[in-house]
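Report on the following structure.
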Amino acid sequence: MSAPPFHLPEFYTPYPARLNPHLESARVHTREWAGGMGMLEGSGIWDTEDLEAHDYALLCSFTHPDASEHDLALVTDWYVWVFFFDDHFLELFKRTGDRQGGKEYLDRLAAFMPMDLADGFPEASNPCERGLADLWARTVPAMSRHWRARFAESTRNLLNESLWELSNINAGRIPNPVEYIEMRRKVGGAPWSAGLVEFAARAEVPDRVAGERPLRVLRDAFADGVHLRNDLFSYQRETQDEGELSNGVLVLETFLGCTTQEAADAVNDLLTSRLQQFEHTALTELGPVFAEHALDPAECAAVLAYAKGLQDWQSGGHEWHMRSSRYMNEEAAPGPSAPAFLLPSGLGTAAARIGSPVSTTARAERARARGYTHVPFERVGPSRLPGFDMPFGLALSPHLEDARCRAARWTERMGMLGPQPDAGGRTVWDAQKLADFDLPLCAAGIDPDATPEELDLASCWLVWGTFGDDYYPAVFGHGRDLARARAVTDRLKLFMPVAADERPPAPVTAMERGLADLWERTAGPMEERARREFRRTVEIMLDSWLWELANVAENRIPDPVDYTEMRRLTFGSGLTMNLARLSHGRCVPPDVWHSGPLISLENAAVDYMTLMNDTFSYQKEIEFEGEVHNALLVVQNFFGCGYPAALRIVDDLMRSRLAQFQHIAAHELPVLFEDAGLDAEARAAVEAYADDLRNWMPAILNWHREVRRYREEDLLRHYRRGVLPDGPTGLGTAAARLARVVAATGR
């Protein structure tokens, strides 16, 4: 192999790797198993020498140091299978560009994962099918049906998203960073690995918490760490030998227009950030979930064992990458490792298990500190705006003026204007703010063809959501009253009954009255399944506001990936999109609405709009509200750069997300229609939904440009203060400036 294209960076490895004592028996077993499945000599993919050089038993012995001999052998067989699949699919379909053949190959594999083993398997026609049938039959008897469903889904994702990689290779298209992170989780297989951690550690996550935010973040941060690490080690092989375009180093190299070394360092910084996000979530978010869902001690122990298993995997995976012949590691120096049975394990024994001279790095700790030392309320000046590239035309409803009048009357009737008794008599909005914010203008652009009644309802939802977005930080943020915020949120959820016999309490606050009224008008005509789904979108938005409050209380700038994904929720996009899907969706199968292309289409549109909002609201949030949730601040913190450089990066990302939206609509949706066998009516419904998203983007841009919410003169009037530029600035002065805000606003 030629000279390395970059020097490997110094890795953040806070948890030393340990080695399972059953390594040799796993090597012997898996060699025999792979031969029996037809994966070695004669397969055209591997021979025994290849398998031994890759040494997947060493990978699994590092990543599952506490597994029993039996479980280690089985887990190793799974990894042999998945790596064989990767190379098999590469040789048969990626190198040849045969997407149709690849789809047929993948469709057959899904049939080898029945929920009930009594249903049997089709007859295997190749080593991948033969291996999957054997592994499924040996694994699932030990696990619940819930685990089987989750593991089957992650396996299908791993298999099916190989088509996404193949499509990108065929199109010569390098993905943008956000798209890449999302898709890499599926095709890279780390969520699949997380399922095997549950099996090997005998630590199955209780189904009632498996979908909660902390468990999702642990899984996703783990996955991102695994994949970004792999990208650093595999860059040379993938880009020079395989013609691969889905590699994080190449993605950032292209997006940032930087050198390969600079891109590798940035990938390593993101890897570090994701590992630190994992730690933060495990330490601060698991406990509240245990209490909220009343997990018993055994269930809590299982979740903690699962988290420890993911941690072991991270450490062991790094050690294997430093040793395997599959990767660029000639200049790497593997750390010493000891057999797991020679080292103590469990709470309080980490110091005794230190086996590597490096656990953290100066760069990692500077990044960690930087995330907690932001000075709130600093003077930043008027927001700087990029030249927005908007290819879609704006149309406005002819019913806009009437909607403004009716929305104003509704807002006053709900009690949102003037002093709020539940906020200590403080005013969040007054009539002037409501007029300045002009939410019906936004609704009129989002759905220009709406009836007067539909426009009124959409306007009121936007009023309620925007009022809530202002209400939460104003009422709970500065006092860091997280417990009361949680209680208020839990009570709000009671005003969205699903079943006919559910009776909500009498509303007593403006937020409650508004939600109760909107829910009755919106969800009343829906079927119960649709009401349940719609309620979930509102609950997710409410919970995301609590996430924001927690970060403000800790003065913590979010990790860039976590911020991007949570920003979609705090923006309330799920609520708007859910209503749009319901208006089109009776003829569209649910699997299509939840398919990868449609989710990617939605996320690209929403990211464009949230980034747009962050550029307009930068001064409002950073200078006037003391916020930490703004993409420009997140980028400045991550890259250690200034406001102008961050704006250029955010602008580039906006353009990339818009281009991705257009690419998906033009190239991926037609393939989805064919793959799903949609009829003309269903295709028209999905196209109409895509048109809704095309309306949404210019409507949001027009609203930001026209309303009096973000310009400095409006901010000075809304916040009733002009003293900030003359006040003290710098480290240690925030309290003095906060006192001025309190005095000026009456908060």
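Per-structure values
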| item | result |
| --- | --- |
| Accessible area (Å², per residue) of the chain, counting only protein heavy atoms and a probe of 1.4 Å | 39 |
| Efficiency of FRET from Cβ geometry, Asp207 and Ala118, R₀ 22 Å, rounded to 0.05 | 0.50 |
| Cα convex hull volume per residue for the range 528-631 (Å³) | 103 |
| Global geometry of the range 485-588, whether rounded, prolate or oblate, following the gyration tensor of its Cα atoms and the 1.5 cut on a/c | oblate |
| Förster-model FRET efficiency, 41 Å R0, Asp679 and Arg705, C-beta, rounded to 0.05 | 0.50 |
| Reference-scaled alpha-carbon Rg (2.2 N^0.38 Å with N residues) for the range 156-285 | 1.11 |
| Summed residue charge, Cβ within 13 Å of Ala302's Cβ, Lys/Arg positive, Asp/Glu negative | -2 |
| Length-normalised contact order of the chain in % [C-alpha pairs under 8 Å, at least 6 apart] | 14 |
| Residue range of the chain that is longest and free of GluC sites (Glu not before Pro) which are both DSSP loop and sparsely packed (at most 13 other C-beta within 10 Å) | 528-747 |
| Along principal axes, Cα extents of the range 654-696, largest first, whole Å | 33, 20, 10 |
| Residue-span extension gain [Asn555 to Glu712] - 0.36 nm each, minus C-alpha spacing | 54.1 nm |
| Mean-position separation - Cα centroids, the range 183-202 and the range 220-298, in angstrom | 14 |
| Reachable lysines, given that their alpha-carbon falls under 25 Å from the alpha-carbon of Lys103 and they are not under 8 places away in the same chain | Lys94, Lys186 |
| Hull volume in cubic angstrom per residue (convex hull over the Cα atoms of the chain) | 165 |
| Enclosed volume per residue, in Å³, of the convex hull spanned by Cα atoms of the range 199-238 | 91 |
| Near-label residues of the range 675-716 by backbone N, under 14 Å of a point 7 Å along Cα→Cβ of Asp98 | none |
| Heavy-atom accessible surface of the chain: percent carbon and sulfur, 1.4 Å | 54 |
| For the chain, calculated [θ]222 nm from helices alone, where every DSSP H run of n ≥ 4 adds -39500 (n - 2.57) | -20000 deg cm²/dmol |
| Gain on full stretching of the segment that runs from Glu69 to Arg384 - 0.36 nm per residue minus C-alpha separation | 107.4 nm |
| DSSP H segments from the chain that extend 20 Å or more along their own axis, Cα-based, with Kyte-Doolittle mean of -1.0 or above | 23-37, 69-89, 213-236, 260-284, 297-321, 452-472, 528-554, 596-616, 643-663, 680-706 |
| Under 16 Å from the Cα of Lys620 - lysines, other chains or at least 8 residues apart | Lys433 |
| Prolate/oblate/rounded call for the range 1-144, Cα gyration tensor, a/c under 1.5 rounded | oblate |
| Computed magnitude of the charge dipole of the range 392-511 (debye, nearest 20; Cβ of K, R +1, Cβ of D, E -1) | 620 |
| Three-way shape label, the range 108-183, alpha-carbon gyration tensor, a/c 1.5 | oblate |
| Cβ-Cβ FRET estimate between Ile174 and Ala294, R0 fixed at 56 Å, reported to 0.05 | 0.75 |
| Added length on full extension, which subtracts the Cα-Cα distance from 0.36 nm per residue, Lys493 to Asp691 | 68.1 nm |
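The values are calculated or read from the model by the stated rules, or taken from the named source; none is laboratory data. Model, not experiment: these values are computed from the prediction. Cβ sites come from the backbone with ideal geometry, for glycine too, and all protein chains shown count toward neighbours. These area figures cover heavy atoms from the full protein model, side chains too; ligands, DNA and RNA do not enter into them. Shrake-Rupley method; radii C 1.70, N 1.55, O 1.52, S 1.80 Å.
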